[in-house]
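Each value in this text was obtained by applying a stated rule to the coordinates, not by laboratory testing. These figures come from a predicted structure and were not determined experimentally. Because the Cβ atoms are built from the backbone with ideal geometry, glycine has one as well, and the counts that use them run over all protein chains shown.
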Amino acid sequence: MAEDWKQELDSMDEKIHQRRSQHGNSANKTTGYDRDKPVKGVIPRGDKMNNEVYIPERFRRIVTLHVIKNLMTQSVTRVPLLLGIHGSSGDGKTYQCEKVLEELGAKSFLISGGQLESHQAGEPAQLIRTAYLNAGRCMQTRENQATVVLINDIDTGLGSWGEMVQYTINRQTVFGELMHLVDYPTSVEGRSNVKRVPIIITGNDFTKLYEPLVRAGRMTAFEWNPSLEEKTQIVSRIFPEISSQDCVALVNEFRTQPLAFFPHLKATLTDDELWQQIQQRGIHSIISSISNGIEPDLRPSIQYPRLLQAGTNLLQSGQLVNHLRRT
């Protein structure tokens, strides 16, 4: 029976890939989950990655509890299958979620919001169902102790954004598939022994989604709006070169900006360093070194006054873009 199930899942995967290959849908082929991708193990507390990335405790707590509770089989209370993490864009919802799942040693079956629409009716719903079944199979066969279906930016593909949105049969079937999974997580496609797999969705505005799906009991909602203290802790790992006092001042100076602003700020300093080396050595010398496997050593000098100036320049250029959009 287990072998027949595996063969059927393989057949479902093959049909989806064949359809996309026939219609040249290369974007969907590269952004979906990969059931054969090696599972990343638990990251020790002293590992280098934890020194570079700070995950606030309340974010780690909500993701960890959701996964663990859905693995338990003797829970006293009803546990929602769905965890919805919502909030402003650029504050690291999906990124931090992936990091926490890595720490747990849980394999993620990633589906992007863009894959929730297709010219083939029913294909996105089948994609979700196949990901869920494959994730459960990984746990049943002891390939992984924990798996999660992670749907990123779900509101971009399924959101109700007004009169200009074209509503298709795929939108209805995806909502129907998710409703079935959250209500009957162990009964899929007529099978009653399917392994329960927690589902996590991220997005900016869940009020655009189908209300019965996101109600209490079916979904645990978690709004991610990092506090000033949490932002400071995260930014301190991005810029370990500056003092804690300067880090607090930097976050206060740009407190209205999302967390994504600060890695972008660091990237601009790296761009300045690379451009300086190009001017000093010459473009042909840089390209030749890269082709020989020797890349430029990019370690820009990071000091608070320089960060402040670079950040101000970024805001000014951003305001110019916003001004052009308004006109």
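Structure summary
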| quantity | calculated |
| --- | --- |
| Least to most buried among Met179, Met72 (fewest other Cβ within 10 Å first) | Met72, Met179 |
| Virtual spin-label span in nm between Asn225 and His180, 7 Å along Cα→Cβ | 3.7 nm |
| Cβ crowding within 10 Å averaged over residues, with 105-111, 56-62 ranked highest first | 105-111, 56-62 |
| The range 57-113 versus the range 235-276: alpha-carbon centroid distance in Å | 28 Å |
| Computed lengthening from Gln303 to Glu241, 0.36 nm per intervening residue step minus Cα-Cα distance | 21.6 nm |
| Distance between modelled label sites at Ile283 and Asp271, nm, 7 Å Cα→Cβ extension | 1.7 nm |
| Qualifying GluC sites (Glu not before Pro) in the range 219-327, DSSP loop, other Cβ atoms within 10 Å at most 15 | Glu241 |
| Net +/- balance of residues flanking Glu177 in space, Cβ distance below 12 Å, scoring K and R +1, D and E -1 | -1 |
| Spacing of the two label points (7 Å from each Cα toward its C-beta) at Ser192 and Ala216, in nm | 3.2 nm |
| For Arg281, net neighbour charge (Lys/Arg +1, Asp/Glu -1) across residues whose Cβ lies under 14 Å away | -3 |
| Segment Ile294-Gln172, length gained on full extension (0.36 nm per residue, minus Cα span) | 38.7 nm |
| Calculated on alpha-carbon atoms, Rg and Dmax of the range 228-326 in Å | 16.1, 47 |
| Cross-link table Lys93/Lys208; Lys107/Lys208; Lys195/Lys231; Lys107/Lys266; Lys231/Lys266, entries beyond 27 Å C-alpha to C-alpha | Lys107/Lys208; Lys195/Lys231; Lys107/Lys266 |
